[in-house]
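The values are calculated or read from the model by the stated rules, or taken from the named source; none is laboratory data. Computed from a predicted structure; not experimentally measured. Cβ placement follows ideal geometry from the backbone for every residue including glycine, while neighbour counts extend to all protein chains displayed. The protein model used for the area step is the full one, side chains on, heavy atoms only, and it has no ligands, DNA or RNA in it. Shrake-Rupley method; radii C 1.70, N 1.55, O 1.52, S 1.80 Å.
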Amino acid sequence: MIDGSSLAIFVLASLALLLAPGPAVLYIVARSIDQGRMAGIVSVLGISLGGFVHVFAAAIGLSAILVSSALAFTLVKYLGAAYLIYLGITTLMTPTKKVENTEIIKMSHGRIFRQGMIVNILNPKTALFFFTFIPQFVDPARGSVAAQIVFLGTLFLAMAVVTDGVYAMVAGTLGQWLKAN
């Protein structure tokens, strides 16, 4: 399947990406501060389930490309790397915007879960991320490309549940403290 050194690099790169907060983390933190730790954990689970849709879509799509052309698969890998570099540069160059005071509507846990899942499924950046990041660590010579993508995607999402869960717990605790004081 995947060799140990590639897996170690994948885990370190994934951890670096996961520790940099993005829109999903902001959603989780907002729900956690407003409605508590449980709402944050529910939103983490919804976002993660939405991520699986992208993992399986990437596995199916990249496998089809590999079957049709090894050159096309290599091209996807290089375009993916270029896209990730572009995202990194634009993220570093974009000034941060001040968020105005907005009211967060209280929701049921079921609705928070569904909303997190739908937000992640409909996020084209998430789809592009899984389609560009994971292939950098896939080696067609080591077996099924689809299986490698599903394995790496599942590993990434498991790590995301842990890191996002920490954000949810800290934000939920902070929210309780702020409300009490």
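Of the solvent-accessible surface of segment 113-181, computed with a 1.4 Å probe over protein heavy atoms with every protein chain present, carbon and sulfur atoms account for 74 percent. Here's the picture: a label point sits 7 Å out from the Cα of Thr90 along the beta-carbon direction, and within segment 2-43 the residues with their amide nitrogen under 15 Å of it are 23.
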